[in-house]
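K.L.:
Starting off with a structure, shown below.
The values are calculated or read from the model by the stated rules, or taken from the named source; none is laboratory data. As the structure is a computational prediction, the values presented were derived from the model and not from experiment. Virtual Cβ from ideal backbone geometry, glycine too; neighbours counted across all protein chains shown. To get the accessible areas, we keep the full protein, side chains included, count just its heavy atoms, and leave off ligands, DNA and RNA. Shrake-Rupley method; radii C 1.70, N 1.55, O 1.52, S 1.80 Å.
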Amino acid sequence: MNQTDLEKIYMDCGISREVFLFGEMIMESNKDRFEEIDRIAEFNQLKVIRAMQANRVSEACLLGTTGYGYNDIGRDTLEAVYATLFGCEDALVRPQITCGTHALATALFGNVRPGDEILSPVGKPYDTLEEVIGIRDSRGSLKEYGVSYRQVDLLPDGGFDFDGIKKAINSKTRLITIQRSKGYQTRPTLSVERIGELISFIKSVKPDVICMVDNCYGEFVQTIEPSQMGADMVVGSLIKNPGGGLAPIGGYIAGTKECIENASYRLTSPGLGKEVGASLGVLSSFYQGLFLAPQVTSSALKGAIFAACVYEKLGYPVFPDSVSKRYDIIQSITLGSPEAVIAFCKGIQASSPVDSFVSPEPWDMPGYDSQVIMAAGNFISGSSIELSADAPIKEPYTVFFQGGLTFPHAKSGVLKSLQMLIDKGIIQTNLL
Ligand SMILES: *Cc1c(COP(=O)(O)O)cnc(C)c1O
């Protein structure tokens, strides 16, 4: 195949020669960076394989159980694989964990008791946790069960407020929640090294406190995980990085034996814990998804960098910028007008393998104070490790872009979004 063949199939996809060549230039300038990401994926691939070998994953593990799910060897072995992989004593990895929020709620509810206090030393947690904790009044929240909450914001430069954190830790403080990814905020994402530094500080103030890390979107971006740097629990969703795009549902909690046991009594029932929970037919997708996860995460990471480079070159504010180090897979691009974010999302949708013919429109989504537009042509509904973009229709008109099971898909999605902006007359081709 020569470049003309590649150019031709891009043109068949509705992407012009100028846009294709602009993309080629961005590819060229990222060679070294992408190679470094490939090396991390290579390391993590071997880490996953070794964890599977060490726990003697066999063909029988890929089958599932029904009913109570007693003695589900595939489920129990997968949990041992996660424990090895994350450097923990134990893990819960279940299709009964419905999403990331549920995994986090299970970890929290299982490990605190009335009168305890939770502290977030990294500012406001992810939106959905506000209702779990009771930061926003909500029925069934931890607050209703007599668990209080305290927060210490990051300093204006993104650093930890060590003095403030020390003052906030008191005799009631039982659990510290640390969110690794910036989520949809504009603070920097925390590296595993920085999380480790924060945890050692906290443990020096109060050694018996439980440190939990919301690991969503961070898995496999680096070669170490927060649980290898002192976290007592790491928590995440299987329809993000560790599910590798194949897991159709699920969440995980990996951590100390005691924390996992406590969480298991909350997930199922006191007395039953980890012993019940049939895996039905999902185990082979959990195993195979985990096997693919390092590669899939690296594809999404390259996609985010490619998007940052494209839009930064065209003069749009992007976060993170095209050169800074990355610790999660989310990219934000501020396009500055409703027309532009809508055109961007339409481009992502049009490049999808599923529902490519659907045109996303802004709508009044429950829980948001403005209209929201979402683009995703997914195999797994709502999976944000698959190529997806969403944007609230409000100032400053920022779109959040993430995922891509393969880098070529992420790249073609970014180029298609650019083509849409050009076709709408929002970007002039002479800028390319
Ligand atoms: C996705 C995410 C969650 C959980 O979200 P769900 O949609 O419930 O899976 C929590 N924290 C962070 C940082 C996330 O990115």
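K.L.:
Tell me the residue from LEU85, LEU108 that is surrounded by 23 or more Cβ atoms within 10 Å (Cβ to Cβ) and either away from the ligand (no atom under 16 Å from the Cβ) or not in a helix (DSSP H, G or I) (or both), please.
P.N.:
LEU85
K.L.:
Which pairs have Cβ atoms under 6 Å, sit 6 or more apart or on different chains, and link a residue in region 238-249 that is touching a residue at least 12 places away in the same chain (Cβ under 8 Å) and of a type outside the set (Asp, Glu) to one that is open to solvent by 40 Å² or more (accessible area, probe 1.4 Å) and within 12 Å of the ligand (Cβ to nearest atom)?
P.N.:
Between residues of region 238-249 that are touching a residue at least 12 places away in the same chain (Cβ under 8 Å) and of a type outside the set (Asp, Glu) and residues that are open to solvent by 40 Å² or more (accessible area, probe 1.4 Å) and within 12 Å of the ligand (Cβ to nearest atom), there is no close pair.
K.L.:
Given the criterion without any contact (Cβ under 8 Å) to a residue 60 or more places away in the chain, part of a loop (DSSP other than H, G, I, E, B) and surrounded by fewer than 24 Cβ atoms within 10 Å (Cβ to Cβ), identify the matching residue among SER322, SER285.
P.N.:
Details: SER285 fails: part of a loop (DSSP other than H, G, I, E, B).
Residue meeting the stated conditions: SER322.
K.L.:
Continuing with the same structure: Can you find even one residue in region 249-268 that is more than 20 Å from ILE118 (Cβ to Cβ), within 16 Å of the ligand (Cβ to nearest atom) and not hydrophobic (A, V, I, L, M, F, W, C)?
P.N.:
Checked against the condition, which is being more than 20 Å from ILE118 (Cβ to Cβ), within 16 Å of the ligand (Cβ to nearest atom) and not hydrophobic (A, V, I, L, M, F, W, C), region 249-268 yields at least one hit.
K.L.:
Turning to a different aspect of this structure: Pick out, from region 134-238, the strands (runs of 3 or more DSSP E) lying fully within it that include 2 or more residues that are open to solvent by less than 30 Å² (accessible area, probe 1.4 Å).
P.N.:
By residue number, 173-179, 210-214, 233-237.
K.L.:
Sort through GLY271, GLY236 and tell me the only one that's more than 13 Å from the ligand (Cβ to nearest atom) and modelled with pLDDT of 95 or more.
P.N.:
GLY271
K.L.:
Quick check on my filter: what residues within region 351-365 are within 16 Å of ALA391 (Cβ to Cβ) and of a type in the set (A, V, I, L, M)?
P.N.:
Across region 351-365, the qualifying residue is only MET365.
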